[in-house]
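Note sheet for the following structure.
FYI, it's all coordinate maths here, none of it is from the lab. Given the structure is predicted, the values throughout are model-derived calculations rather than measurements. Here the Cβ positions follow ideal geometry from the backbone for every residue, glycine too, while neighbour counts run over all protein chains shown.
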């Protein structure tokens, strides 16, 4: 009998539990309110579905990035991106050089002043044939 009493006394009641009747009514009201909010929030909104989709997608990417072959593929992709960007920069520089040359030649032609002036040849210096 002493051991059962010792076991019963060693089990303590929760510290935040209130034994009064008022607390029981408040607990029932809180449970009813939480059930009402749970029922109101039960239909998932499209925003929550999208967030959940992106969360799972992000977690899948994090897990996939831990595999060796995925790291290798990402590294190869990075190298190809660097190579294609370098090629694009060279092509863009060449294109800009050609466009600047066209613009400068167009302006030079609009002035209609050749860079080298030649003396006109007089008609009397020609001998008739």
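If you plug the beta carbon distance of residue 94 and residue 51 into 1/(1 + (r/R0)^6) with R0 = 41 Å, you get a FRET efficiency near 0.35. As a ratio to 2.2 N^0.38 Å, the alpha-carbon radius of gyration computed for the stretch 51-114 takes the value 2.24.
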